[in-house]
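The values are calculated or read from the model by the stated rules, or taken from the named source; none is laboratory data. Being a predicted model, the structure only gives us computed values, none of them experimental. Cβ sites come from the backbone with ideal geometry, for glycine too, and all protein chains shown count toward neighbours. Just the protein is used for accessible areas: all its heavy atoms, side chains included, with ligands, DNA and RNA removed. Shrake-Rupley method; radii C 1.70, N 1.55, O 1.52, S 1.80 Å.
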Amino acid sequence: GSKPARTLESHLKELRDGLGPSGGFDVSVALTWCEENGADKLYEIVKAEMEDEFVASLALKPVKAKVLKARLRAFVAAGG
């Protein structure tokens, strides 16, 4: 992968790790979704208002899905 993909991967790992031990998701699944949908950066997911689709692709439990959406928006708001 190119450099942006690695950055995206590290950001996804950060998000995953913030969910705690029972909220983990497969980063490769998330990366594949981003690739298929043309998202090179996390902020593009939020800008396109596709957080729901992105989070749904990770098959998280409802609480973790909500937490992930909130973290995704906070991450982007903080300049991620």
Study note, to complete from the structure: In Å², rounded to a whole number, the accessible area per residue of segment 1-78 with probe 1.4 Å is 62
Check your understanding: If you take the square roots of the eigenvalues of the alpha-carbon gyration tensor of segment 1-63 and sort them as a ≥ b ≥ c, do you get rounded (a/c under 1.5), prolate (a/b over b/c) or oblate?
Key -> oblate
**Study point:** Proximal charge balance of SER22 [Cβ under 11 Å; K/R count +1, D/E count -1]
**Key:** +2
Study note, to complete from the structure: Row for segment 31-80, column shape: gyration tensor on C-alpha, a ≥ b ≥ c, rounded if a/c < 1.5 i.e. under 1.5, prolate if a/b over b/c, else oblate; value oblate
